């Protein structure tokens with residue numbers, strides 16, 4: 001007969017880097033048995049005191065309103081991150097989505113190393129157009145490297161990169177994209193970095209966070225062409241697979257004057273209430 005005991009256990013599996021642990025007696029170390037025995041005594045004292053001296057807190061109407069508003073917002077943010085659907089009876093989860101971990105091509109790594117050496121004071125964001133492929137049904141054959149920085153540094157970056165590749169384009173418009181870039185499997189596009197963009201660090205390279213990629217796909221159809229026909233797929237897959245910082249993403253969308261367009265693409269169950 002099943003007594004339900006097994007359902008009370010949570011199994012959590014995760015990967016760790018193998019490393020040898022020194023278990024030799026440490027000089028000046030504490031005896032954990034004695035340490036936790038002492039903590040248990042203190043915990044017992046606190047438990048007895050609170051049982052014998054009950055305390056009740058009363059909130060004013062204004063305080064109740066502030067509490068309700070605060071935790072309503074936290075609940076909305078939690079739902080936006082993790083969703084509201086149940087994983088099923090007898091199943092539990094700590095999180096439904098993972099952090100995005102970009103994989104750089106050799107060209108991107110060479111660009112990052114070159115610019116770090118030649119222009120060490122310039123903040124540069126490097127990302128690749130193939131990264132959204134994981135969230136698309138149709139897979140573009142090309143991979144373009146996007147190099148973004150402040151406008152004042154774009155000419156210097158362009159001049160340095162032309163020594164690395166002949167397929168470097170500075171702020172190309174739609175005509176240049178159609179005539180020269182669209183037929184290339186590999187190209188480098190240098191363009192301005194818009195302020196308040198959600199960025200992240202991967203090793204020594206500053207790159208685009210998923211929230212920035214989503215907004216840029218909506219805001220720059222002339223460059224991110226292949227993604228335009230799959231916007232809904234991309235947004236649905238990103239929000240089901242990747243952890244997204246909603247406030248940063250919407251702030252960036254507002255900065256790019258695309259907030260409403262971006263908000264409407266977000267799956268309804270993940271939308272923050274306004």
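Values for this structure:
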item	result
Residue tally, condition part of a strand (DSSP E or B) and either in contact with a helix residue (DSSP H, G or I) (Cβ under 6 Å, 6 or more places away or on another chain) or within 15 Å of residue 101 (Cβ to Cβ) (or both), over the stretch 189-198	2
Odd one out for residue 136, checked against (1) buried (at least 18 other Cβ atoms within 10 Å of the Cβ); (2) in contact (Cβ under 8 Å) with a residue 60 or more places away in the chain	(1)
Hits in the stretch 104-139 (condition: outside any helix (DSSP H, G or I), in contact with a helix residue (DSSP H, G or I) (Cβ under 7 Å, 6 or more places away or on another chain) and farther than 20 Å from residue 212 by Cα)	119, 137, 138, 139
Matching residues, the stretch 168-205, being within 14 Å of residue 111 (Cα to Cα), in contact with a strand residue (DSSP E or B) (Cβ under 8 Å, 6 or more places away or on another chain) and surrounded by fewer than 18 Cβ atoms within 10 Å (Cβ to Cβ)	186
Within the stretch 140-163, considering residues that are assigned to a loop (DSSP other than H, G, I, E, B) and under 30 Å from the mean Cα position of the chain (by Cα), the one farthest from residue 217 (Cα to Cα)	150
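Throughout, read-outs are computed from the coordinates displayed, never taken from laboratory work. As the structure is a computational prediction, the values presented were derived from the model and not from experiment. Virtual Cβ from ideal backbone geometry, glycine too; neighbours counted across all protein chains shown.
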